[in-house]
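To keep things clear, I will list the structure first and then write my remarks on it.
The values are calculated or read from the model by the stated rules, or taken from the named source; none is laboratory data. Treat the numbers as computed from the prediction; the structure is a model and nothing was measured. Ideal geometry is used to build each Cβ from the backbone, glycine not excepted, and the neighbour counts take in all protein chains shown.
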Amino acid sequence: MARLIMTVDDSASMREMVRATLTSAGYAVVEAVDGQEALDYARDNPCDLVISDVNMPRMDGITLVHELRSLPHYRLTPLLLLTTESSQEKKLEGKRAGATGWIVKPFNPEQLLATMARVL
């Protein structure tokens, strides 16, 4: 069975690019439009990995990471932030919340898949 990856981004085109990259590599994908929708799904559905944007309405990605880490079945799940944010301060904030890694947009599909392979 394919590993299930949740992608979280308020940009439909970004979700599509990430989904195309992941499905072509054999992953199953579920999408959420913001952190709140992702958290609502995650409460009852474990995923093998979560890839989230940082800047989103309703709930940002760093808050999502923090909230996911409070769920028993997400304590050890890899959580990657895929964002235009590149400041060391934001990266540190993400790490403190529990993010496993940080990838800056625009992303290289091979880099994304290689990062995922390292953390899965």
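Things to note:
- Sole exception among (1) outside any helix (DSSP H, G or I); (2) on the phi < 0 side of the Ramachandran plot; (3) at pLDDT 95 or above; (4) small (Gly, Ala, Ser) for GLY26, by number: (2)
- The combined condition, being assigned to a helix (DSSP H, G or I) and touching a residue at least 24 places away in the same chain (Cβ under 8 Å), is not fulfilled by GLU31.
- Whichever residue in region 17-46 is of a type in the set (Asp, Glu) and within 14 Å of the chain's Cα centre (by Cα) and, among such residues, is farthest from ILE62 (Cα to Cα): GLU31
- Condition met for THR100 (polar (S, T, N, Q), buried (at least 17 other Cβ atoms within 10 Å of the Cβ) and either in contact with an Asp or Glu (Cβ under 6 Å, 6 or more places away or on another chain) or closer than 15 Å to ARG3 by Cα (or both)): no
- Of all residues in region 43-63 being out of contact with any Pro (no Cβ under 7 Å at 6 or more places or on another chain) and aliphatic (A, V, I, L, M), the one that is nearest to GLU85 (Cα to Cα): VAL54
- Residue that is nearest to THR77 (Cα to Cα) [pool: residues in region 1-23 that are without any contact (Cβ under 8 Å) to a residue 12 or more places away in the chain and among the polar types (S, T, N, Q)]: THR23
- The one condition in (1) part of a helix (DSSP H, G or I); (2) touching an Asp or Glu at 6+ places or on another chain (Cβ under 7 Å) that PRO57 fails to fulfil: (1)
- Of all residues in region 103-119 being over 20 Å from LEU4 (Cα atoms) and free of Cβ contacts under 8 Å to residues at least 24 places away in the same chain, the one that is surrounded by the most Cβ atoms within 10 Å (Cβ to Cβ): VAL104
- Among all residues of region 89-105, there is at least one that is closer than 18 Å to ASP9 by Cβ, in a loop (DSSP other than H, G, I, E, B), under 13 Å from the mean Cα position of the chain (by Cα) and of a type in the set (Gly, Ala, Ser).
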